[in-house]
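Below you'll find the structure, written out as structure tokens, and then a few comments.
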Amino acid sequence: MTGLAISTTGLVHIYRAHGHDVAALSGIGISVRPGELVGLLGPSGAGKSTLLQLCGGLLTPSAGRLQVGEHNVATMTDTELDRMRSGDVGIVLQGAGRNLIPYLTPADNIRYAQQAAPDERDLPTPEAILELVGLGNHAATPLSQLTPGQVQLCAVAVGIATLPGLLLADEPTSQLDHHARDEVLAALRTINSETGMTVLLVTHDPEVAATLPRTITIRDGRIASEGRSGEEYAVVAVDGSLPLPPHVAELLPAGTLVQVTTDDGVIRLTPVEQEGNQ
């Protein structure tokens, strides 16, 4: 399997609320390489789940470019999007139960999901997929007898039932205790490392984010920063704008004039007092 890349440029999504247009995303630009494991972070309402749903073709971009593998998602028809989700993109919605048929066993849930796979695809057995996520002994166990963590693992297994090149997971560890959370994260890492599948997950948990090799933080519909191996970096946008880290932004209120100077490769930001404020 080859993981799918994700590339967006100037991605915008606008929705209508209370009679007004609201920009959930305002010119997002990201690049995810095939086979990466990436977390989307940010406060509630920042736009991270919106970005995930756009990548899965569940929402339509208002403007900009969105490429998932060879798919130009922004221009695809509903039929083409259905075909993409049936084979190339797996989605785990927030809330494990939304991804499962409650009266079916874990194995039968996977069999049902595999019915949508392209005919030419050689798929593993449901038991093999459950083994991959750590549920090898629960193929025939009723969902009602599984723990919350095991139910979430089952939802992840259904998300990879067709061996997609991209797995999108929205808050897969929310409302789980630490042990169950760690089991789900371990399963996602195993899926990523053993299959080469690209994994993009949304999380609000800083402890989860700290375990991920790369994170992208979204704030107010824009890319605020990126994390690499525990280090946080600001990201220069295509238009040259640079969102400041929160602890720096507190020192530079909106409207502050800032002098930018360079000295031997060191960039300095110096607030300038304005007339009338002295």
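The values are calculated or read from the model by the stated rules, or taken from the named source; none is laboratory data. Since we're looking at a predicted model, the values are computed, not measured. All Cβ positions, even for glycine, are placed from backbone atoms using ideal geometry, and neighbour counts span all protein chains on display. Side chains included, ligands, DNA and RNA excluded: accessible areas come from the protein's heavy atoms. Shrake-Rupley method; radii C 1.70, N 1.55, O 1.52, S 1.80 Å.
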Charge dipole (debye, nearest 20) of the chain; +1 at Cβ of Lys and Arg, -1 at Cβ of Asp and Glu: 360 debye
Anisotropy class of the chain from Cα gyration tensor, a/c 1.5 cut: prolate
Ellipticity estimate at 222 nm from DSSP helix runs (n ≥ 4, -39,500 (n - 2.57)) divided over the chain, nearest 500: -7500 deg cm²/dmol
Accessible carbon and sulfur surface of the chain relative to its total accessible area, %, 1.4 Å: 50 percent
Inter-site label distance for Ala254 and Ser241 at 7 Å from Cα along Cβ, in nm: 1.2 nm
Per residue value of the accessible surface for the chain (all protein chains in place, 1.4 Å probe), Å²: 52 Å²
Choice from Val248, Val236, Val199 with maximal GNM fluctuation in the chain (Cα, 10 Å cutoff): Val248
Trypsin sites (Lys or Arg not before Pro) restricted to region 66-121 and DSSP loop, no more than 15 other C-beta within 10 Å: Arg121
DSSP-loop GluC sites (Glu not before Pro) across region 195-262, with at most 16 other Cβ within 10 angstrom: Glu250
Top of Ile216, Ile14, Ile110 by mean-square fluctuation, Gaussian network on the chain, Cα under 10 Å: Ile14
Alpha-carbon centroid distance for the pair region 258-273 / region 89-168, whole angstrom: 53 Å
Antiparallel %, DSSP beta bridges [both residues in region 6-245], to 5: 60 percent
Qualifying GluC sites (Glu not before Pro) in region 89-147, DSSP loop, other Cβ atoms within 10 Å at most 11: Glu120
³J(HN,Hα) computed for each position of region 193-207 - Karplus, 6.51 cos²θ - 1.76 cosθ + 1.60, integer Hz, glycine/proline x: 6, 8, 10, x, 5, 6, 10, 10, 10, 9, 8, 10, 8, x, 5
Most fluctuating residue given options Thr125, Thr79, Thr190, as computed from a GNM of the chain linking Cα atoms under 10 Å: Thr79
Euclidean distance of C-alpha centroids, region 15-66 and region 208-238, integer Å: 15 Å
Mean Cα-pair separation over length for the chain, i.e. relative contact order, pairs under 8 Å, 6 or more apart, %: 22 percent
